[in-house]
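Worksheet: the structure to be examined is printed underneath.
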Amino acid sequence: MTTTSFRADAADPAAGAGPVADAPVLRADHVTKRFGGVTALDDVTFSVAAGESMALMGENGAGKSTLIKVLTGVYRPDDGRILLGGQPAVFARPLDAQRAGVSTIYQEVNLIPLMSVAQNIYLGREPRGRLGLIDARRMQSDARELLSAYGIAVDVRRPLRSCALGVQQMVALARAVSINARIVIMDEPTSSLEAREVETLFRVIRMLRDQGIAIVYVSHRMDEIFEVCESVTVLRDGRVVHVGPVQGMTRGELVSLMLGRSIDAVRREGATAFRSGHTSDAPAVLEATGLSRKHEIADVDLRVRPGEVVGLGGLLGSGRSETLKAIAGVTAVDAGTVTVSGAPVRGGSVSAAIRAGIVMLPEDRKAEGIVPNLSVRDNIVLAALPRLSRAGFTSTAKQDAVVDVFMKRLHIKASSPDQPVAELSGGNQQKVMIARWLAMSPRVLLLDEPTRGIDVGAKAEVQALIDELASEGLAIVLVSSEIEEVVEGSGRVVVLREGSVQTELTGIHVDEASLLAALAGTEVPE
Amino acid sequence: MSQTLTVALPRRATVVGFFQRYGVYLAIVIVLVVNLAVTPNFFTLDNVRVQLVQVVPVLIVALGMALAIGTEGIDLSVGASMALAAAVIPLYIGYGVVPAALIALACSLLIGLANGVMIAVIGVQPIVATLSLMVAGRGIALLVAGEQLRSVTDPGFLALGRGAIGPLPWSVLIAAVLVAIVAVLVSRTTFGKQLVALGGSRRAAELAGLPVRRILLVTYLLSAALAGVAGVIGTARLGASVPSTLGNLVELSAITAVVVGGTPLSGGQVRVIGTVAGALLLQLITATLVKHDVSDAYSQIAQAVIILLAVYIQRGRAVQR
Amino acid sequence: MTAIDPAAGPSTSAQVWRERLAGLAQTYGAAVVLVVLLVVGSIAFPAFPTASNLANIATQSSFLLIVGVGMTFVILTGGIDLSVGSQYALGGVLAAYGSAWGLGGGLLLPLVVCVVIGLVQGAIVAYGGLAPFIVTLAGLLGVRGLVLALTGGGSSTPLVTDPALSALGQGGVAGLRWPVFIALAAVLVGSVLLLRSRGGQAVLAVGGSESASVLMGLPVARVKLTVYTVSGVCAGLAGALTAAYTSSGVPTVGVGLELSAISAVVIGGTLLVGGRGNLVGTTAGVLLLTVIQNLINQVGSLTSSVQAVVSGGFLAVVVILQTVLARTQRL
């Protein structure tokens, strides 16, 4: 423990502004957490009281997930401490936090897919009967009762993986609450839920709040914050920039707090580095017609002209990424065709798509994009290797030429091309990925969350680069969870909903209000 | 930011890194120095030649194993490939040395093909796929050989195992050529780069449009072919085809050599020279123990400890990332 | 435009049916093939369905089955134990040495030593974070070395001197030897633990998703430690019983036993990636391997290499089917 922990409370932003008078049940006190040379959390103080629902907001990379991991014992703070009911608590592992009453619902359902609903709820604390054996019948009836209290009727003997995602999420919640949780932390719990399921979730959240359970709610979606939260803590670049009640705040204020720019500046310059949405009148280069894939997308049409950026709008699970994957040949379609300049592209083959000039920047850069153990050079030339080789032998000179060009052009910051790509920052890794594809001289660039998890500076650079590439005549499809990125980066937005094209926004209708309305499924305001 | 990261790496990591990179060479030097001190006649030309000849089969198998491990796979069927190659030799030696050797290689390639199809096309885990061929392959070898030991007397063939050009035995020469080929394959060819990328991140390799199936298929074919070469050389050295015992447990020695040589089991790296050093180190340790009349029992225990140590040190690298 | 529900599970009835069928094939496939083989064998070879031959099959299966029970637990966590063959041999040798102190010595000595070996391997896997494959590979070598060291390089074969221990291996009731009952007891106890104890459920959970298990607060490391210990105990017990059955602790037995055990477990429908499987399947897998061997012996002109080919080929077919079935079920 260091001196930071003993600072006067006057400097504590939460002390005066706390909306609820109750003593906080959970409090992170002047917590600092560093990774290598990067400070993820810088003297963060965060607290939540019993019966309070506290929103935790911030841009990607602001430190939300790090804070949650510190609160739940996944990480240990380098500095500062965690207080539970006023007492210092040390969580060496998630189990300790759980035992102390802090439960977490993650974005992805973290349960065991092969086991039954009831087993998942009671894993590790199954009711036991004679001889200390599990009383399966009681476990099932308890599970049924528990879930029905939340208005969910499901056969609790079914394997979890056969249930809808919403049900799975509720099972996770039921598990957390039934462990006598005093604090429930929810990390983007609605990201894969349907509207109906979200409503159920909110009902349960309010119910829990009324029972005196403290809730920490992390979400990107403004609507949700205003609907279920009383207070909000905003993080930016690892620091707390605002703590206060939700009531009386406007969306604009929240956005400007998260972005660190005044509302006027946001209005004037936009929230992104995009200069203008790109449109074009040239004949379409990419034509995808009637793409269908069971459970994922149905009859999706998409046309993109050279020099055009088409945004693909939609909530998570609406089929955005699935559409990109189908076009890029990552997944095989059940029906539908993809053509590039009129020439059909064989489906279900990445290499066929690449040969036709279609390349995709995958959403999960770490797992699907970079090859972490390879150098920057090897990562850049990975797809282009056959072109940079003669009779199967690689040519260092040819590789160096390509690597040099793209490292300079994209301002990739690495000590040398031989540095392992894993050591680079997220933004530079993303630029390496873009370089890999530009080295293939593509005609269609599919971007799935190109700025996710990269710092603000790199984000602006990537956005500017997308602009530049479109100006050079590339056909670009842009998928992003950030509404402002879609709106400001695209000349046209195709909105997906539950796997189908819902509507298309063009011209002046490419704005936040119309997109939000389209996402919500209501009519586009004239 | 990247620069700060590199500078900020703790000192301990560089020490561990040193052992990961050069530990095997250091160990060889230590074993040699120890032998210089305590073993008489260790540094005679004869002994050096004996050690080299003895390490050849394991070394050649280990080269293929390193490729399989580089793809985050494993090949347990190498012993069976050796046995099958050995079993075929006496049947075709009448047609001459080269045809017999080629047919033997072709037969071991069949095992590689079966492995490759199961792993690359169907998607079976490498460990069980090659396990099934480890069992079935040796059975086939025994059936081919009529479950008999057959001596091979063709002088040309025997020269492969026992002959030499000048001071260099043929088998050592062949091994050296294979090491060079594999080293070039890994570092200078498209295939090698793709193999390493595939081992580093299969998903990323697929999304980058690499021919993942073909790479895996070729990897297991190469592994089987190299094991086949080892089987031919082993048979030539023994002067007999012994499919029942030839290559028994060679997969363990080969895996050990690869891992000791610094190739992580988690894939994404192939260290060819390290593998050579790993095989040599194991051979030297065994030879040292044998020269001092330490029983087989203790040399096995020693090998077990070495494997664990090597993997433990490798793990340090994985954690660093 | 077709209405689809991206969040829902299987929608069409045909698909539900296919998935259910795939699941059934995976769980009961080995049992069905076993029954078919038994019927075919009985028709083809008059000497096959005799009581003595069937009892013989039961005895031969019992040792492998005990090893298989431990192996099932390890594989269910997503791990593997290659050291069981060596531990089996060690169990036999130690049982023979221990029999100098009577039945208790003959059983306790191998079990205690194998517990220690299992604990060490389990600790390295669970707390050291090394791959189970390589840890138990080292175990395979090291323990075999220990066996050789104990028996003068494998040249001496200690004999079982305690009549009670020999009786445990050779005696029995109703034509079946004691090891058969012990193996069945192991299956029964193992099944109850797996399905009806918190520890057993944790085993399935760890294999199903290790990261989720950690986040759910399950004692993942302790689970791993336990399964390798259980596997060691099972292998040691099987070795001790084999020694009792043959009245000697042969230092060279059990080479390749790990392969048979893994084959039996996988053939029995346990997923090699863990999270799903059961001991009844393992029992069917073991019986299947033994029956194949027995039938090949019935033919007379066929040899052990044919058996190797059949077992290996069978394993290949089963894992291919499992992989294809798993894909159908979208595991």
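The values are calculated or read from the model by the stated rules, or taken from the named source; none is laboratory data. Please read all numbers here as calculations on a predicted model, not as lab measurements. With ideal geometry, Cβ positions are generated from the backbone for all residues, glycine too; neighbour counts draw on all protein chains shown.
Some observations on this one:
- Top-ranked residue of the range A:105-131 - restricted to ones that are within 7 Å of chain C (Cβ to nearest Cβ) and among the polar types (S, T, N, Q), ranked as farthest from A:Lys64 (Cα to Cα): A:Gln119
- B:Thr288 passes every criterion in (1) in contact with a Cys (Cβ under 9 Å, 6 or more places away or on another chain); (2) more than 21 Å from B:Ala106 (Cβ to Cβ) apart from (1).
- Taking the range A:37-90 and the strands (runs of 3 or more DSSP E) fully enclosed by it, the elements with 3 or more residues that are under 23 Å from the mean Cα position of the chain (by Cα) and within 19 Å of A:Ala181 (Cα to Cα) are at A:53-57.
- Of all residues making up the range A:343-362, the number that are more than 7 Å from every other protein chain (Cβ to nearest Cβ) and assigned to a loop (DSSP other than H, G, I, E, B): 6
- Subset of the range C:15-38 [more than 15 Å from C:Gly268 (Cβ to Cβ) and at pLDDT below 85]: C:Gln15, C:Val16, C:Trp17, C:Arg18, C:Glu19, C:Arg20, C:Leu21, C:Ala22
- Selection count, the range A:152-161, where residues are surrounded by fewer than 21 Cβ atoms within 10 Å (Cβ to Cβ) and not in a loop (DSSP other than H, G, I, E, B): 2
- Yes/no for C:Val93 being in a helix (DSSP H, G or I) and farther than 28 Å from C:Val250 by Cα: no
- Some residue of the range C:219-234 being touching a residue at least 40 places away in the same chain (Cβ under 8 Å), over 28 Å from A:Leu95 (Cβ atoms) and among the aromatic types (Phe, Trp, Tyr): no
- Within the set B:Arg188, B:Arg202, B:Arg214, the sole residue that is within 24 Å of A:Trp437 (Cα to Cα) and either surrounded by 24 or more Cβ atoms within 10 Å (Cβ to Cβ) or facing another protein chain (nearest Cβ under 7 Å) (or both) turns out to be B:Arg188.
- Picking from residues in the range B:138-148 that are assigned to a helix (DSSP H, G or I) and within 7 Å of chain C (Cβ to nearest Cβ), the one that is farthest from the chain's Cα centre (by Cα) is B:Leu143.
- Single unsatisfied condition, B:Asp75 versus (1) closer than 26 Å to B:Gln194 by Cα; (2) part of a helix (DSSP H, G or I): (2)
- Residues in the range B:169-184 that are more than 9 Å from chain A (Cβ to nearest Cβ), free of Cβ contacts under 8 Å to residues at least 12 places away in the same chain and of a type in the set (A, V, I, L, M): B:Leu173, B:Ala176, B:Val177, B:Ala180, B:Ile181.
- Any chance C:Leu194 is away from chain B (no Cβ under 14 Å) and touching a residue at least 24 places away in the same chain (Cβ under 8 Å): yes
- The lone criterion from (1) buried (at least 23 other Cβ atoms within 10 Å of the Cβ); (2) more than 9 Å from every other protein chain (Cβ to nearest Cβ); (3) over 11 Å from the mean Cα position of the chain (by Cα) left unmet by C:Leu279 is number (3).
One line per residue, one yes/no per condition, for (1) hydroxyl-bearing (Ser, Thr, Tyr); (2) closer than 30 Å to A:Val285 by Cα; (3) facing chain B (nearest Cβ under 10 Å):
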position	(1), (2), (3)
A:Asp364	no, yes, yes
A:Gly369	no, yes, yes
A:Ser375	yes, no, no
A:Asn379	no, yes, yes
A:Leu385	no, yes, yes
A:Gly392	no, no, yes
A:Ala401	no, yes, no
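- Test: C:Val255 is more than 30 Å from B:Gln148 (Cβ to Cβ), within 12 Å of another protein chain (Cβ to nearest Cβ) and either surrounded by fewer than 19 Cβ atoms within 10 Å (Cβ to Cβ) or modelled with pLDDT of 85 or more (or both): no
- Any chance B:Ser253 is modelled with pLDDT of 85 or more, away from chain C (no Cβ under 14 Å), touching a helix residue (DSSP H, G or I) at 6+ places or on another chain (Cβ under 6 Å) and closer than 30 Å to B:Tyr92 by Cα: no
- Subset tally (residues that are assigned to a loop (DSSP other than H, G, I, E, B) and within 20 Å of C:Thr252 (Cβ to Cβ)) for the range C:147-175: 9
- Among residues of the range A:179-220, those that are more than 23 Å from A:Thr45 (Cα to Cα) and either buried (at least 17 other Cβ atoms within 10 Å of the Cβ) or in contact with a strand residue (DSSP E or B) (Cβ under 6 Å, 6 or more places away or on another chain) (or both), counted: 14
- Members of the range B:149-163 that are without any contact (Cβ under 8 Å) to a residue 40 or more places away in the chain and either buried (at least 19 other Cβ atoms within 10 Å of the Cβ) or not in a helix (DSSP H, G or I) (or both): B:Gly163
- For B:Ala136, the test of being modelled with pLDDT under 95 and buried (at least 24 other Cβ atoms within 10 Å of the Cβ) is passed.
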